[in-house]
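Take a look at the structure below.
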Ligand SMILES: Nc1ncnc2c1ncn2[C@@H]1O[C@H](COP(=O)(O)OP(=O)(O)OP(=O)(O)O)[C@@H](O)[C@H]1O
Ligand SMILES: [Mg+2]
């Protein structure tokens, strides 16, 4: 059993005109202790909504979220608070989570001040330890957030999350507000923390290059559902879902030469009116007849990969006609 398990999770918003938007439409995902799982997909595909569902910030309309073996949404308030401490969230913009009027040290200490898990005389030493952990000089504790650089502020946001002694951290675009050189440093910090503290991480990013560098496993989301998960190296070597292939093709090569990305054609559909069958079918270069009507499940391929695509379905005896249409790759 994984530390965090999302099973067929649905998140539904209501627009002002009353339309229901199933932003997450039955997504399943696991994150183990010490594992970094990258979650990628185009804007609006439901990454943040899934992250919020995982930490209990938005209600789950259907499906289950299990953390540390316990279903999160049925816990009582007290048990939930304890479990929330073990499951921390770091946002893209550290300005939103950091109070401009209090010193950095006081804010890092919030977690143990609130939870009464540490005697007061140990707070200072623990703050120092956390600053060291995230690679910041100890004298920063007495500074105010506006005196810090963007990278330092994001490190503080991570230190605040660590102060609660979490088993897992969900990070929603934690690097996208930073310069690329700083991005790489903070990305390396995440790798170190996951390894040294055995913290699980769900890392949301639209930057595939960062996810490739950092994540042990990558999950690809399209219009509210997970379409593929695989160990990151394998996913890059051999993406199986046509959407994953298109995303990877769209990443510029490091050498910048000789690469013609296969652009993703067509608009991202409105999640309130998703296409029938496979949600990706209107944009898929390999679309087959059954893709228009049958919803592909996320099924296992080999030991550690899951794909939701009819191209990779095992042959079904009852539907020989489909086999003839199948595109061999
Ligand atoms: N409060 C809300 N009310 C109505 N619709 C919403 C609300 N929040 C999000 N949505 C819609 O839900 C869908 C998923 O949004 P979400 O923010 O989860 O996507 P995302 O993958 O995080 O996108 P991005 O990469 O831009 O951050 C989008 O269509 C969005 O417009
Ligand atoms: Mg988002």
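Brief remarks on what is shown
- Residues 91, 280, 144, sorted so that the one with the fewest Cβ neighbours within 10 Å comes first: 144, 91, 280
- 117, 244 arranged by Cβ crowding within 10 Å, fewest neighbours leading: 117, 244
- Placing dummy labels 7 Å off each Cα toward the beta-carbon, the span from residue 114 to residue 192 is 2.7 nm.
- C-alpha center-to-center spacing [the range 174-235, the range 1-38] in angstrom: 17 Å
- Label zone of residue 268 (point 7 Å out along Cα→Cβ, amide N under 18 Å): in the range 30-65 this covers 38-53.
- Residue-averaged [θ]222 nm for the chain, counting only DSSP H segments that reach four residues, each worth -39500 (n - 2.57): -9000 deg cm²/dmol
- The ellipsoid that matches the Cα gyration tensor of the chain has semi-axes, each √(5λ) in whole angstrom, of 38, 22, 18, with the longest given first.
- Take every pair of alpha-carbon atoms less than 8 Å apart whose residues are at least six positions apart; their mean separation over the length of the range 4-247 yields a relative contact order of 29 percent.
- Projected label distance in nm at residue 180 and residue 138, using a 7 Å step from Cα toward the beta-carbon: 3.7 nm
- Rounded FRET efficiency, nearest 0.05, which uses the C-beta distance separating residue 250 from residue 125 and R0 of 51 Å: 0.60
- Pairs of Cα atoms nearer than 8 Å and 6+ residues apart set the relative contact order; for the range 127-200 it is 30 percent.
- Ranked 24, 9, 295, criterion: other C-beta atoms within 10 Å, fewest first: 295, 9, 24
No lab work stands behind these numbers, since they all come straight from the coordinates. Keep in mind that this is a model prediction, so the values were computed, not measured. Positions of Cβ are backbone-derived with ideal geometry, glycine not excepted, and every protein chain shown enters the neighbour counts.
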